[in-house]
């Protein structure tokens, strides 16, 4: 292996959701020790804050363009990061939230870097999902949680369990098949409502949620009926949470088998 390849490296870290509050010491160390930092963050204020930590921070946001396929954009981001890795640089990619959650670029960049013989790894961060559990007081172990990308729920025949929480991501662009738009309108959200109405009554409560990204902000927590979800204001950062609509149903056959096993090992009834 040549000297350039042995020295180039990539680490992707998460900045968390709320500015300054979620950055861990290990992620901070990777940022400070990198030769070059690439950033895909929630807004310009967070980028300015990151610029105070490193002299060479390069924003990935300019790669986004209206009408341009997001996959083309993502490949350009990967290419920019790997070009510096191949040049022998220690590269740190900084992403808002968790760098591996709804983030194609970090996964692909790490995969490609490793395939080319470079050291590459990911450090976890606080995601919107983590904030959601805390802000809404949800324990995912209580009833279980299902997570779907909203458009994927429309495009494919997925099975919904209305006895568990249902969490839908990227509802602001639901139904976009082109991957070129940054929003879709109420007509697209109505298709989502119609799909959800197969399993939930239209008067069932849904929660519109957005994590706070600045310390002075409060999270958005808005409770509405499913039937009016299409008319709600929903952007790229909003997540839809649907609480259980029915109680869990016991499985008598499986419980009988387990009880028999308990008796066989002398467990008290």
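All of the numbers you see were taken from the coordinates with simple rules; none came from a lab. What you see is a predicted model; the values in this text were computed from it and never measured. Using ideal geometry, Cβ is built from the backbone for each residue, glycine included, and neighbour counts are taken over all protein chains shown.
For this structure, a couple of remarks:
- Here the chain was treated as a single set of alpha-carbon atoms; its pair distances binned every 5 Å from 0 give 1, 5, 11, 14, 15, 13, 12, 9, 7, 6, 4, 2, 1, 0 percent.
- Near-label residues of segment 77-93 by backbone N, under 20 Å of a point 7 Å along Cα→Cβ of residue 107: 77-82, 93
- Ratio of the Cα radius of gyration of segment 119-231 to 2.2 N^0.38 Å, where N counts its residues: 1.15
- With neighbour counts taken as other beta-carbon atoms within 10 Å, the residues 46, 171 rank, fewest first, as 46, 171.
- Cα long-axis angle, helix 186-196 against the chain (0 to 90 degrees, to the nearest 10): 50
- Normalised by the number of residues in the chain, the mean separation of alpha-carbon contacts (under 8 Å, six or more apart) gives a relative contact order of 20 percent.
- Over segment 169-238, the fraction of Cα-Cα pairs per 5 Å bin, rounded to whole percents and listed from the shortest bin up, is 4, 16, 24, 24, 17, 10, 4, 1.
- Rounded to two decimals, the Cα radius of gyration of segment 3-122 over 2.2 N^0.38 Å is 0.99.
- Cβ-based exposure ranking for 208, 224, in which fewest neighbours within 10 Å come first: 224, 208
- FRET efficiency, 1/(1 + (r/R0)^6) with R0 51 Å, evaluated for residue 264 and residue 68 via beta carbons: 0.20
- Over the chain, dividing the summed -39,500 (n - 2.57) contributions of all DSSP H runs of at least 4 residues by the number of residues returns a 222 nm mean residue ellipticity of -10000 deg cm²/dmol.
- Rg of the Cα atoms in segment 1-69, relative to 2.2 N^0.38 Å, amounts to 1.27.
- In this calculation the C-beta distance from residue 191 to residue 76 is compared with R0 = 45 Å, giving a FRET efficiency of 0.90.
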